[in-house]
Amino acid sequence: MSKWDYYGFLFKYLGLIAFKQKTIGKTAEAMAERHGDRPFLLFEDEVHSFKAFNANANRRAHVLRSLGIGKGDVVALMMENRPEYAETLVAIGKLGAVTSAINTNLRAQALQHTIDTAQARKIVVGAECLAGLKDVLPSLAHLTGADVYVDTRWPGDSQPPAGSHALNPLLAQASPDNPPHPPLNSMDLLVYIYTSGTTGLPKAARINHFRWYAAGLAMGTYALRVRPEDTLYCPLPLYHSNGAMIAFGSALVNGAKLALSRGFSASRFWEEATRYQASCFIYIGEVLRYLVNTPPGAYDRKHRVTRILGNGLRPDIWAMFQQRFGVETIREFYASTEGNAVTINMDNVLGSMGKAVLKSSDNTAVVKFDPQREDYVRGAGGFLMPCAPGEVGELLGQIKVTAPFHGYTNPKDTEKKILRNVFKAGDSYFRTGDLVKQDAQGFYYFVDRIGDTFRWKG
């Protein structure tokens, strides 16, 4: 049995049983029990152990529980990268509530829409993000200043809104013990992560505990080979799926160290990765493009990074990056926050997104698409036509039990992404919106984005 078939067997036949209880909260508690005072989260000059991380998440969970937050409630989280972000995500998950992961760069209408769409009951905000929130707070449909809880680790440039609460004094009085768990399993919602899409305002993708845990296994355990002795460096924001699911998820699920950057900086990237003794990191294509365009530096080859994982890497940047920085292994993958079409390049084939993750239950297909008419090419009976090797078409992901599509908070947005009766009556597929081609060996290559959003920007 090949590795592809082996992992396919695990996911298809054992997955729903083995992972049913794998929630983010229980994972944090299990790792705290197993690894105790071993370092887990590295941030600036701080080192947080597995035990301390879980205890801090518990304090936040107890505070939120005292505010009436319970299973199914939504809490908006607007905070820059720091340990408190990850602690809050876990805390909300322990209560069976849902985090609405707010992009800290959003302002005005986009920010208001994002918060209103989630129908959040409370907002946890870092003081560094108050200015943007205060601008939209009077216009929010369901929330006022009294629903805002401010984390004051960093002072910020804006005064807290009238009626808001300081979170830190409440945390100081809270218990570090694990809170009571509501009836919860991995199919329950964990977080809303917002996708930009090609047009319109951000859409809230529904991510459950299973998807978060599976990302840690598929991307961390399998693709990146993350082990407890590794340090995984994350330069991407935790409100992004690559940050929250792949970096944080891979580190926690595999008992590895997570080195968290406050934000990506091309000039200090390699110095920071070297200081943390990172063995691997995650990227989007633009990160590597910025790095190869920096002047030669003292840390270009001082680092210990041997493998990286990400998406959106252009072939020309790929070659330049490896030649300059000496990183042996690049695991380029294809996925979207909400989608079910996933490929990983496990063979270092330059420029390729790789092959379908589960060979034994491949759900991907490439269908003929006319970019001039922006419509599908149909054959006999009105069904779509598969592309031949080397032919460009749209990548689709068949929706089935082992490859679900959980959609968005808005049912109309969900329906727009589903194609029905694709190859036969009754089937359904997720529309990726991406044009790709597949060679005779099964490797996928990205070609273009349907519409006006270019995927190299992640």
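The values are calculated or read from the model by the stated rules, or taken from the named source; none is laboratory data. None of these values were measured; they are calculated from a predicted model. Reconstructed Cβ throughout: ideal geometry from the backbone, glycine too, with neighbour counts over all protein chains shown.
Checking the stated criteria, Phe321 turns out to be surrounded by 17 or more Cβ atoms within 10 Å (Cβ to Cβ) and either closer than 28 Å to Arg304 by Cα or without any contact (Cβ under 8 Å) to a residue 60 or more places away in the chain (or both). With the condition kept exactly as written, say whether any residue in region 336-344 is in contact with a Ser or Thr (Cβ under 9 Å, 6 or more places away or on another chain) and over 30 Å from Ala365 (Cβ atoms). Scanning region 336-344 turns up no residue that is in contact with a Ser or Thr (Cβ under 9 Å, 6 or more places away or on another chain) and over 30 Å from Ala365 (Cβ atoms).
Go through region 141-168 and give me each residue that's in a loop (DSSP other than H, G, I, E, B) and in contact with a strand residue (DSSP E or B) (Cβ under 9 Å, 6 or more places away or on another chain). Result: Leu143, Thr152, Arg153, Trp154, Gly156, Pro160, Pro161, Gly163, Ser164. Modelled with pLDDT under 95, surrounded by 20 or more Cβ atoms within 10 Å (Cβ to Cβ), of a type in the set (A, V, I, L, M) and in a loop (DSSP other than H, G, I, E, B) - does that describe any residue in region 390-405? No, the conditions are met nowhere in region 390-405. Annotation: of all residues in region 185-196 being out of contact with any Phe, Trp or Tyr (no Cβ under 6 Å at 6 or more places or on another chain) and buried (at least 19 other Cβ atoms within 10 Å of the Cβ), the one that is farthest from Asn54 (Cα to Cα) is Tyr194.
The one condition from (1) part of a loop (DSSP other than H, G, I, E, B); (2) buried (at least 19 other Cβ atoms within 10 Å of the Cβ) that Glu229 does not meet is (2).
Here is a yes/no grid of residues against (1) hydrophobic (A, V, I, L, M, F, W, C); (2) outside any strand (DSSP E or B); (3) exposed (fewer than 14 other Cβ atoms within 10 Å of the Cβ):
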position	(1), (2), (3)
Val366	yes, no, no
Gly381	no, yes, yes
Lys412	no, yes, yes
Arg431	no, no, no
Leu435	yes, no, no
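Considering region 333-389 alone, what residues qualify as being among the β-branched types (Val, Ile, Thr) and under 23 Å from the mean Cα position of the chain (by Cα)? Scanning region 333-389 gives Thr337, Val342, Thr343, Ile344, Val357, Thr364.
With respect to (1) touching a Gly at 6+ places or on another chain (Cβ under 7 Å); (2) crowded, with 24+ Cβ neighbours inside 10 Å; (3) within 19 Å of Leu288 (Cα to Cα), the lone exception for Trp212 is condition (3).
Working only within region 313-356, note down all residues that are part of a loop (DSSP other than H, G, I, E, B) and within 27 Å of Val377 (Cβ to Cβ). Within region 313-356, Ala335, Ser336, Glu338, Gly339, Asn340, Ala341, Val342, Gly351, Ser352, Met353 meet the criteria. Any residue that is farther than 24 Å from Val357 by Cβ, touching a Leu at 6+ places or on another chain (Cβ under 8 Å) and free of Cβ contacts under 8 Å to residues at least 40 places away in the same chain - is there at least one of those in region 212-222? Among the residues of region 212-222, not one is farther than 24 Å from Val357 by Cβ, touching a Leu at 6+ places or on another chain (Cβ under 8 Å) and free of Cβ contacts under 8 Å to residues at least 40 places away in the same chain, which makes the answer no.
Taking region 99-118 as the range and being touching a residue at least 60 places away in the same chain (Cβ under 8 Å) and outside any helix (DSSP H, G or I) as the test, the residues that pass are Thr99, Ser100, Ala101, Ile102, Asn103, Thr104, Leu106. With the structure loaded, tell me whether Ile450 is more than 18 Å from Gly354 (Cβ to Cβ) and buried (at least 18 other Cβ atoms within 10 Å of the Cβ) or whether it fails that test. Here the answer is no, as Ile450 does not meet what is asked. Given the structure, is Arg331 touching a residue at least 24 places away in the same chain (Cβ under 8 Å), out of contact with any Leu (no Cβ under 6 Å at 6 or more places or on another chain) and among the charged types (D, E, K, R)? Taking the combined requirement at face value, the residue does not satisfy it.
Kindly list, by first and then second residue, each pair from a residue in region 250-272 that is within 16 Å of Asn54 (Cβ to Cβ) and not assigned by TED's automatic domain parsing to the domain that holds His240 to a residue that is crowded, with 19+ Cβ neighbours inside 10 Å and aliphatic (A, V, I, L, M), limited to pairs with Cβ atoms under 6 Å and residues at least 6 apart or on different chains. Listed pairs, sorted by first residue: none to list. Condition test on Gly96, is it in contact (Cβ under 8 Å) with a residue 60 or more places away in the chain and assigned to a loop (DSSP other than H, G, I, E, B)? Yes. Return yes when Leu143 is farther than 18 Å from Ala57 by Cβ and in contact with a Cys (Cβ under 7 Å, 6 or more places away or on another chain) and no when it is not. Taking the combined requirement at face value, the residue does not satisfy it. Set side by side, the residues Ser164, Ser241, Ser175, Ser139 differ, and just one is modelled with pLDDT of 95 or more, in contact with a helix residue (DSSP H, G or I) (Cβ under 9 Å, 6 or more places away or on another chain) and assigned by TED's automatic domain parsing to the domain that holds Arg262, which is Ser241. Of all residues in region 125-132, at least one satisfies being of a type in the set (Gly, Ala, Ser) and either surrounded by fewer than 21 Cβ atoms within 10 Å (Cβ to Cβ) or not assigned by TED's automatic domain parsing to the domain that holds Asn56 (or both). Return the total of residues in region 404-427 being within 27 Å of the chain's Cα centre (by Cα) and at positive phi. Total satisfying the criteria: 1. Counting the residues of region 133-151 that are surrounded by fewer than 16 Cβ atoms within 10 Å (Cβ to Cβ) and closer than 24 Å to Ala205 by Cα gives 3.
Considering the conditions (1) among the small types (Gly, Ala, Ser); (2) in a loop (DSSP other than H, G, I, E, B); (3) touching an Asp or Glu at 6+ places or on another chain (Cβ under 7 Å), Gly70 is excluded by exactly one of them, (3). In this entry, Tyr283 passes the filter for residues that are farther than 24 Å from Asp45 by Cβ, of a type in the set (Ser, Thr, Tyr) and touching a Gly at 6+ places or on another chain (Cβ under 8 Å).
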